[in-house]
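Everything on this sheet refers to the single structure shown next.
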Amino acid sequence: MRKALLPAVGALLGLTVALVLTLVAFGLPLADSLRLIWDGSLGSPGGLMRTAVKATPLMLMGLGMAVAWRAGMYNIGGEGQFLAGALGGAAAAKVLTAVPVLLSKPLVFVSGFVWGGVFALVAAWLLVKRGVNVVISTILLNFVAIQMFEWALTGPLQEAKGRTPQTDRLPEALMLHRFDRQNDLHSGVLIALVAVMVVYAILFLTPLGFRIRLSGENPRAARASRIPPSRYQLIAMAMSGGLCGLAATVELLGITGQLAKGFNQQLGFIAIPVALLGNLHPLGVGLSAVYFGGLFAGSENLARFSNFGTTVMFVIQGAAVLAYVGVRTVLERRQVEGAEVET
Amino acid sequence: MSALLAILMYATPLVLAALGETVVQKAGVIHIGIEGTMLAGAFFGVMATLATGSPWVGLGVGVLVGMALALLSGVFALGLSVDQVVVGTAVNLFALGLTRTLFAMRFGASGELLSVPKVPSWQGIDVVMVLAVALAASTHWLLFRTSWGLALRSAGEMPQATEAAGFSVSVIRYAALAFGGATAGLGGAYLSLGIAGSFADNMTAGRGFLAIAMVTFGRWKPGLVLGACLLLGWLDGLQFTFQAKGVELPFQLFLALPYMAALLVLAGVGRGAHAPAALAVPFRRSR
Amino acid sequence: MHPLIAVRGLSKRFGPVQALRNVSVAFEAGEIHAILGENGAGKSTLANVLAGFLLPDAGRIEFEGATVPLGDPLAIRARGVAMVHQHFMLVPEFTVAENLALAQIPRGFAALDPLERASPSLEMAERLGWSLDPSARTGDLPVGVQQRIEILKALGEKRRLLILDEPTAVLGGEEVEELFRVLRDLRDKGLAILLIAHKLREVMAVADRATVLRRGEVVATALVADLDEATLAEWMVGDVPAPPVRTKGSAPTAFEGLRLVGLHVAGDRGEPAVVDLSLDVPKGGIVGIGGVDGNGQVELAEAIVGIRPWTGEVSWVPQGVPQVAYVPQSRQRDGLALKMSVLDNLAIEGHQRPDLRLGPLLRLREMARWGGELVARYAIKVGSIDDPVGSLSGGNQQKVVVARELDRKPDLIVAVNPTRGLDVRAARFVHDQLSQARDRGAAVLLVSTDLDELVALADQAYFLLGGRLRVADGAEAMVGGAA
């Protein structure tokens, strides 16, 4: 476990260096900027809460990406699976209005998970049965999901007034418990933390997780040991989409209370570097989600006092991912090159 | 006529990027980073035009920025054999963050109304539109009727055969990436300089990914890719026509059709829809 | 008078294996020269050095008396040397014309009509009596036709020497005859032809001169007219005794073990890879299957272990389902996940063991202890059991596979070339493990292209040719002579 976490910690330290360099490169006063970011994230109670709120969807979706990528499924359809999950959650909430909240609330989550998972399964099925590249199919499915989402907002799920393309606000009883009104801190944070532990347990403590990882590392070796890799790739993809759907449901029930355009906030794409810099390890993903959540919250604070927006995060993410994978590839190559190469 | 020209104009950034990506994918590389490349082309094109007053300089800078990002991707994806999806994702984030941040720093967080001289047009036609259409014909010629095209396609199907024929797979793939970067950068610059006459945050709005989808839908054939892009533009326009006429239709489902069709094509409903066999597979020369 | 091309004192080493040792051979124009030897004798290495794909450790190549730069395929090609690989360098998606054109396109940029560019090759095809549809998709054509394209690619304009690496391995009987007709034709036109082969009969039928290699050394070079099959066979395999067709001394008891009846298996491209094969593998016995790669060995093994569909009958006699161990041909491709740890690679077996599971969970501590025991028992050299298995030497990687598979306490072991690429000590270790498993009562199917290995281990030996089983009852048969 320490071995898995060390690279993640290293990556996060590297990220901080990248942050400093970025601030300098953009010519911002370093000390002041860092203080604003610190105050807005880990340096104050309010900042801590904002960090947790921002980290929650990143954590869930980062976990989703990690599970799929571990199985060798380059899922970049997080965006679509997130939207599918959002529709699943909202649809369940709409259908189940007559059902007591105690029952309907879990069902809303289940529905979000299942819709996200099923949507991801389409891509997995296309690969397993038809050999369609997952990257391409998930890109296409993202567009399908966006259109589906917008259609739902003007059609079956549109608000009763029928004026704006958005859903009705959910009844307060259905919403997640809020610990803090001002900072939006809600109990969905706990769901994300539990998900980290559950995904860790599945991937590293169960035969199922072992087979998922083996299927990703070398499907031919899995097959030679009579473990059908396609089955585990399907399962991993369903879990991945499910986690994205769950993330959407948590956002819906935790923060927005309704669906409208822009609900996805490009989380599907931000989640990929979160997963990569977390070394595709659930605990690493948890850590890197908190880091990026903090950076998100901190740069919001920074944005209040300068023209320098939350977008700094993307620069840092992009640069850090390249540096990280580059260094790792060089190290790995050195390690394997010492050994035999089969002729 | 003018309606057709409008479709072509709005589709031009997509056409340029998709044709470039066709060449890149035919060489065996999937370049997800064209979304960010387009955005960077759009932004730096506008900045260069602001500085010089000439949209032509802006277009040129767009091309250069696109090539620079493509070569950066090449260093990681080809030189280090880092997964191409990872590299592309990083490039996208980097470009998105960079353009947003620079834009906000220069013009304020809200983004003051920015206007630059547009690419001059004549009767609704401009040079870049003509170039986009001509590019479809010339990439087809390049891919299927020249020595380089033959070598490039073999690198996307079976790189060992390319090397056996005496070519360097690596050189071919770098060249393809540079071409794809140039067209994506130009497409982005045209978006801001030819269509909008301005820059807005994240103004590409997924067009790069759309281009990748159109490459698939057009089955990696330049003519069909052009057709796919125009079809999409037409469907998009139809939406507003219908809305103006007050017709109630679930348009979004209609707009999802091309993507579903592309998926069906890929799933093998139509034969000959094969992606290049070595797509996204790094090649390392054996010694 | 210099020979057309000659190699002098070539040596080449791959890790522990000396593939070529001080090899000198001369090739004359207008002659079909066969290089003969078992698998691993160094034939392909010699061809690859000659074609410039491999850099030798020592020695030189002379072309009409002048030294040629080594390890430079283009320089050698410019002198008219071309090689037809055993694995075709053809793009399946391309048309025939495009594949032919690819082999002859100019360095620089040029407009090019594949059909036009391919037309000299197509004319050549016509002269050789081959009809080719230039617009056909290459991947749809039968293997024999694909080979013709490959030969046409190699022929080009000013060819002087054509190297063919095991060209008959993939061909049926009539296709072989057709190929030989064309080779004789080309020889009569003045070309030098280097034919890498392992089948005596074919060498006797087509070659003018033969050079026999054994363990990287030249045994002899002679005119084929002065030779007979028996002499060649002896040169190839040395003084090995015929593999014992031995039945154990005890009174015949009822058969127990693996029984295959009328087995048919399809290959990756749907071609028949194993044809109507019937075989008994008794408990407590090692049955060897020899023959050249690509004659259905891997497909047979995969069918038996249950990862490739088959028709016919595969049964365990008298009854039940055997515990099967599988040592695949390529440990790096099929045996191991190189980036995962040694323990994880052992766990490919371990995670299925009931004693290492607790409900839905794995007992990680127990698993580590179990893995540590295996590493100790099989003397696998590792820094830490958590190191990636890819950082181990080839021999230790193979030990990981063997340890994992034999720990199943298998009733049936299927091993394909289990010692390929290993040094002598590691190979002996694997052999000992297989013998011990046999002595414990396991049924062992050993598929190997290494004749010595079969002689040393197998109680009964067969070989596979074109997916059909042949009995091996002597050195000649083992190398495909008399049968």
Let me confirm something: among A:303, A:248, which residue is closer than 24 Å to residue A:184 by Cβ and either in contact (Cβ under 8 Å) with a residue 40 or more places away in the chain or not in a helix (DSSP H, G or I) (or both)? A:248
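Any residue that is assigned to a loop (DSSP other than H, G, I, E, B) and within 14 Å of chain A (Cβ to nearest Cβ) - is there at least one of those in segment B:44-56?
No; the residues of segment B:44-56 include none that is assigned to a loop (DSSP other than H, G, I, E, B) and within 14 Å of chain A (Cβ to nearest Cβ).
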Breaking point among (1) without any contact (Cβ under 8 Å) to a residue 60 or more places away in the chain; (2) among the hydrophobic types (A, V, I, L, M, F, W, C); (3) touching a Phe, Trp or Tyr at 6+ places or on another chain (Cβ under 7 Å), for residue C:317: (1)
Reported set for segment A:115-152 where residues are in contact (Cβ under 8 Å) with a residue 60 or more places away in the chain and over 18 Å from residue B:257 (Cα atoms) is A:115, A:116, A:117, A:118, A:120, A:121, A:124, A:125, A:127, A:128, A:134, A:135
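Per-residue answers, yes or no, for (1) surrounded by fewer than 20 Cβ atoms within 10 Å (Cβ to Cβ); (2) modelled with pLDDT under 85; (3) out of contact with any His (no Cβ under 6 Å at 6 or more places or on another chain); (4) not small (Gly, Ala, Ser):
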position	(1), (2), (3), (4)
C:190	yes, no, yes, no
C:196	no, no, yes, yes
C:202	no, yes, yes, yes
C:210	no, no, yes, no
C:216	no, no, yes, no
C:222	yes, no, yes, no
Cβ pairs under 6 Å, 6+ apart, first in segment A:183-212 and within 11 Å of another protein chain (Cβ to nearest Cβ), second part of a loop (DSSP other than H, G, I, E, B): A:206/C:360; A:207/C:351; A:210/C:351; A:211/A:227
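Just to be sure, is residue C:53 assigned to a loop (DSSP other than H, G, I, E, B) and closer than 30 Å to residue C:15 by Cα? Give the steps one after another, and end with the answer.
Values: assigned to a loop (DSSP other than H, G, I, E, B): yes; closer than 30 Å to residue C:15 by Cα: yes.
Considered against the rule, which asks whether it is assigned to a loop (DSSP other than H, G, I, E, B) and closer than 30 Å to residue C:15 by Cα, residue C:53 comes out as yes.
May I ask you to verify whether residue A:150 is within 14 Å of chain B (Cβ to nearest Cβ) and surrounded by fewer than 24 Cβ atoms within 10 Å (Cβ to Cβ)?
Working: within 14 Å of chain B (Cβ to nearest Cβ): yes; surrounded by fewer than 24 Cβ atoms within 10 Å (Cβ to Cβ): yes.
It is true that residue A:150 is within 14 Å of chain B (Cβ to nearest Cβ) and surrounded by fewer than 24 Cβ atoms within 10 Å (Cβ to Cβ).
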Residue under evaluation residue B:82, criteria (1) of a type in the set (A, V, I, L, M); (2) free of Cβ contacts under 8 Å to residues at least 12 places away in the same chain; (3) in a loop (DSSP other than H, G, I, E, B); (4) closer than 17 Å to residue B:193 by Cβ, criterion not met: (4)
Which of the residues that make up segment A:124-142 are at the interface with chain B (Cβ under 10 Å from one of its Cβ atoms), among the small types (Gly, Ala, Ser) and either buried (at least 24 other Cβ atoms within 10 Å of the Cβ) or within 18 Å of the chain's Cα centre (by Cα) (or both)? A:137
What number goes with the only condition from (1) under 30 Å from residue B:279 (Cβ atoms); (2) surrounded by fewer than 18 Cβ atoms within 10 Å (Cβ to Cβ); (3) modelled with pLDDT of 90 or more that residue B:81 does not pass? (3)
Between a residue in segment C:415-442 that is surrounded by 14 or more Cβ atoms within 10 Å (Cβ to Cβ) and any residue that is assigned to a loop (DSSP other than H, G, I, E, B) and hydrophobic (A, V, I, L, M, F, W, C), which pairs come within a Cβ distance under 9 Å, given they are 6 or more apart or on different chains? C:429/C:379; C:429/C:422; C:430/C:422; C:434/C:442
Would you point out the residue of segment C:329-360, among those that are exposed (fewer than 15 other Cβ atoms within 10 Å of the Cβ) and over 21 Å from residue A:217 (Cα atoms), that is farthest from the other protein chains (Cβ to nearest Cβ)? C:355
Residue A:121: within 14 Å of chain B (Cβ to nearest Cβ), under 14 Å from residue A:242 (Cβ atoms) and of a type outside the set (Asp, Glu), yes or no? yes
Exactly one of these conditions fails for residue C:41: (1) at the interface with chain B (Cβ under 9 Å from one of its Cβ atoms); (2) in a loop (DSSP other than H, G, I, E, B); (3) surrounded by 15 or more Cβ atoms within 10 Å (Cβ to Cβ). Give me its number. (1)
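Take residue B:225 and decide whether it is assigned to a helix (DSSP H, G or I) and out of contact with any helix residue (DSSP H, G or I) (no Cβ under 9 Å at 6 or more places or on another chain).
Judged against the criteria, residue B:225 is not a match.
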Matching residues in segment C:11-29 (farther than 12 Å from residue C:215 by Cβ and touching a helix residue (DSSP H, G or I) at 6+ places or on another chain (Cβ under 6 Å)) number 1
Let me spell it out: the conditions are (1) more than 24 Å from residue C:171 (Cβ to Cβ); (2) buried (at least 23 other Cβ atoms within 10 Å of the Cβ); (3) more than 10 Å from chain A (Cβ to nearest Cβ), and residue C:300 meets all of them except one. Which number is the exception? (1)
Residue C:307 vs (1) more than 20 Å from the chain's Cα centre (by Cα); (2) modelled with pLDDT of 90 or more; (3) under 24 Å from residue C:442 (Cα atoms): all pass except (2)
Any hit, segment A:54-63, residues being within 30 Å of residue A:301 (Cα to Cα) and in contact with a Pro (Cβ under 8 Å, 6 or more places away or on another chain): yes
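Which of the following residues is crowded, with 21+ Cβ neighbours inside 10 Å and closer than 22 Å to residue A:72 by Cβ: A:246, A:253, A:283, A:203? Steps first, answer last, please.
Values: A:246 fails: closer than 22 Å to residue A:72 by Cβ; A:253 fails: closer than 22 Å to residue A:72 by Cβ; A:283 fails: crowded, with 21+ Cβ neighbours inside 10 Å.
Criteria check complete, one pass: A:203.
Of the residues in segment A:155-181, how many are within 14 Å of chain B (Cβ to nearest Cβ) and either closer than 23 Å to residue B:210 by Cα or crowded, with 16+ Cβ neighbours inside 10 Å (or both)?
Keep residues of segment A:155-181 that are within 14 Å of chain B (Cβ to nearest Cβ), which gives A:155-158, A:162, A:165.
This time we only want the ones that are either closer than 23 Å to residue B:210 by Cα or crowded, with 16+ Cβ neighbours inside 10 Å (or both), so: A:157-158, A:165.
Count: 3.
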Subset of segment B:68-103 [within 13 Å of residue A:322 (Cβ to Cβ), more than 8 Å from chain A (Cβ to nearest Cβ) and not hydrophobic (A, V, I, L, M, F, W, C)]: B:73, B:74, B:79, B:84, B:88
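Please go through segment B:147-166 and give me each residue that is polar (S, T, N, Q) and modelled with pLDDT under 90, ordered by number.
We begin by selecting, within segment B:147-166, every residue polar (S, T, N, Q); these are B:147, B:154, B:160, B:162.
Within segment B:147-166, B:147, B:160, B:162 meet the criteria.
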Would you call residue B:218 modelled with pLDDT of 80 or more, away from chain A (no Cβ under 12 Å) and surrounded by 18 or more Cβ atoms within 10 Å (Cβ to Cβ)? yes
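The values are calculated or read from the model by the stated rules, or taken from the named source; none is laboratory data. These numbers were taken from a predicted model, which means no experiment stands behind them. Cβ sites come from the backbone with ideal geometry, for glycine too, and all protein chains shown count toward neighbours.
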